[in-house]
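The structure appears below as C-alpha cells.
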Amino acid sequence: MTGAEPEAVWSAPGRANLIGEHTDYNEGFVLPFAVQNRTYAAIGRRSDGVIRVTSTFDPTPVEVALVELRALFSGAPGDAVTSGAVPEWAAYPLGVAWAAIEAHERAANRAFGVDIAIASDVPVGAGLSSSAALEGAALAAIDWMWQIGLTPLDMAKVGRTAENIAVGAPTGIMDQVSSFMGETDSATFLDCRTLETSTVDLGFAREGLEVLVIDTRVTHAHSTGGYGERRASCDKGARELGVVSLRDVRMDDLDRAAETLDDVTFRRVRHIVTENQRVLDTVDTLRAEGPRAIGGLLVQSHVSMRDDFEISVPELDTAVTAALDAGAIGARMTGGGFGGSAIAIVERDQLAQTKTTIADAFERQGFRAPRQFTVTASHGLLRDR
C-alpha cells in the first residue's frame, strides 16, 4: 500500500468474551480470550515527521504531522471523528500514537514519522473487538519502531485512552488486555479495578468442544447510542448508592438497591452485580469441574443482558435459543450488544447440525443469514516479520 518493504509487521488478535459483559468499566471482573483472527500492521520509517496510515478497507491514506496529534485529539471525546477530521478507522492507529506520546516521556522523546499499513481478518461489528486488534497491532509496531519499551499492560492502557478519547467510545480495558495478553488455549481472568490478571485453562479442545460464533450481521457502534446510555446508567446507580463503582455493590445489597433506585437503573445495576458473580463462579467452575459445567452460567448471563441490561436484539436471542435447542452446552450474546455475535459451546460432533439448526431458525424469522464460524483461544501480540 506504500510501495516500500516494511521494517516490521506486528499483529494483534480479536477477542471473544466468554462471560462478563459491561462489567469492565464498572471495575468488575471479566473472562475473555483472544481468538485466531488477527489484525496486521506493517510499519516503516519516514523522514518528514508525518504519521501516515493506510488500510485494505479504505483506499484513501490519512496523514497527520506528529506535532498536530495533540490538537487533533484535544477536543471533546470523539470530536476528531464526528467532525470528519479523520475517518473512524484511522482514529485508532493515530489515537494510540497520540496516547503513547501523551502518557510516556520516552515515546514523546523518540517519536518520528512512520508509515503504517493495516490489514485484518477480524470481523468488524461482530462483537469480536476489531477495534482492540487494530489498536494493538498499530501500537506494537509503533512501540517497536520508536523503541519505547511498553509492557502489554502499558499498551492496554494506551489503547483504552485512544478508544475513549480519540475515537470517543466509552469502553473499559477488557478488550485491550485480552487482545494484547492472550494465551493459547486459555482465557484471561481480569480484575478491572486492580488490573491483575490470571490465566484460566479452558479445556475446550481436550473435552472435544468447539466455540461457535454466530455473527448476526447486525452491526453496532460503541461510540454512539445505547452503549453510552448504559454506562451513564451504571454511573448513576453508583452515585445514588454511594459507592465508587458498581464493583462495590454486593449481591446482598440488591434489596436495598431496589428500594433506592428507579426501576430501569436498578435493573442495570442488577445485571452488573450478578454478572460479576457469574464471572467468579465461571472461573471456579472451570478450574474445579471443567468446561461442560459452565453452560448454565452462560445462559443466565444472556438472560440478564436481554432482560435487565436490555442490550440484546431479536437476532441474538434467536441465535442463543436455536443453539440451545440443538444441544449446545451453553450460549450467550458476547460483546457490547445491540447487534454483533453470540457464542455457543458445542460438542464437536454436533457442530454441523447446530449450524444448520441456527441457520434454519434465522430463515424462519426472516432474518439475514448469520455468519457462523468457530474460534480458538490464541496468543496475544506477536511480531510476524
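Tabulated data
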quantity: Mean Cβ count within 10 Å, highest first, over the residues of peptides 113-123, 146-156; calculated: 113-123, 146-156
quantity: Cut-off 11 Å between beta-carbons: net charge of the residues surrounding Gly327, Lys and Arg +1, Asp and Glu -1; calculated: -3
quantity: C-alpha center-to-center spacing [region 330-385, region 98-115] in angstrom; calculated: 38
quantity: Relative contact order [Cα under 8 Å, 6+ residues apart], region 62-110, whole percent; calculated: 28
quantity: Largest-first ellipsoid semi-axes for region 289-365, taking √(5λ) over the Cα gyration tensor eigenvalues, angstrom; calculated: 19, 17, 8
quantity: For region 373-385, Karplus couplings with θ = phi - 60° (6.51, -1.76, 1.60), whole Hz, Gly/Pro x; calculated: 7, 9, 10, 10, 5, 10, 7, x, 4, 9, 8, 9, 7
quantity: Segment Leu153-Asp253, length gained on full extension (0.36 nm per residue, minus Cα span); calculated: 32.8 nm
quantity: DSSP-assigned coil residues among GluC sites (Glu not before Pro) in region 93-197, each with at most 10 further Cβ atoms within 10 Å; calculated: Glu196
quantity: Exposure of His104 as accessible area (Å², to 10), given a probe of 1.4 Å and all protein chains; calculated: 50
quantity: Cβ-defined net charge surrounding Val53, 13 Å radius [Lys, Arg +1; Asp, Glu -1]; calculated: -3
quantity: Crossing angle, helix 88-103 versus the chain [Cα axis fit, 0-90 degrees, rounded to tens]; calculated: 70
quantity: Relative packing of 342-353, 90-101, which averages over residues the other C-beta atoms within 10 Å, highest first; calculated: 90-101, 342-353
quantity: Cα point-scatterer Debye curve for region 226-339, base-10 log of I(q)/I(0) at q = 0.12, 0.16 Å⁻¹; calculated: -0.46, -0.78
quantity: Isotropically averaged projected area of region 94-200, using the convex hull of Cα atoms (one quarter of hull area), nm²; calculated: 7.2
quantity: The chain: relative contact order as a whole-number percent, Cα under 8 Å and 6+ apart; calculated: 24
quantity: Estimated dipole of the chain in Debye, rounded to 20 [Cβ of Lys and Arg +1, of Asp and Glu -1, Cα centre]; calculated: 480
quantity: Integer Hz, Karplus 6.51/-1.76/1.60 couplings in order for region 110-123, x for Gly and Pro; calculated: 10, 5, 8, x, 9, 9, 10, 10, 10, 9, 8, 10, 7, x
quantity: Residue-normalised accessible area of region 298-369, expressed per residue, 1.4 Å probe, Å²; calculated: 39
quantity: Peptide ranges 334-341, 253-260, 127-134 listed from the most packed, as the mean C-beta count within 10 angstrom indicates; calculated: 127-134, 334-341, 253-260
quantity: Solvent-accessible area, 1.4 Å probe, carbon plus sulfur percent, for region 157-262; calculated: 44
quantity: Spatial separation of Cα centroids for region 257-295 and region 172-237, in angstrom; calculated: 15
quantity: MRE, 222 nm, helices only [DSSP H, n ≥ 4, -39500 (n - 2.57), over the chain, to nearest 500]; calculated: -12500 deg cm²/dmol
quantity: GNM flexibility winner over the chain from Thr82, Thr282, Thr318 (Cα, springs under 10 Å); calculated: Thr82
quantity: Paired Rg and Dmax values of the chain, which use every Cα atom, in angstrom; calculated: 20.6, 64
quantity: Radius 15 Å from Cβ of Phe73, net charge of other residues (Lys, Arg +1; Asp, Glu -1); calculated: -4
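The values are calculated or read from the model by the stated rules, or taken from the named source; none is laboratory data. The structure displayed is predicted, hence computed values, not measured ones. Note that we place each Cβ from the backbone using ideal geometry, even for glycine, and neighbour counts take in every protein chain shown. Only protein heavy atoms, including side chains, enter the accessible area calculation; ligands, DNA and RNA are left aside. Shrake-Rupley method; radii C 1.70, N 1.55, O 1.52, S 1.80 Å.
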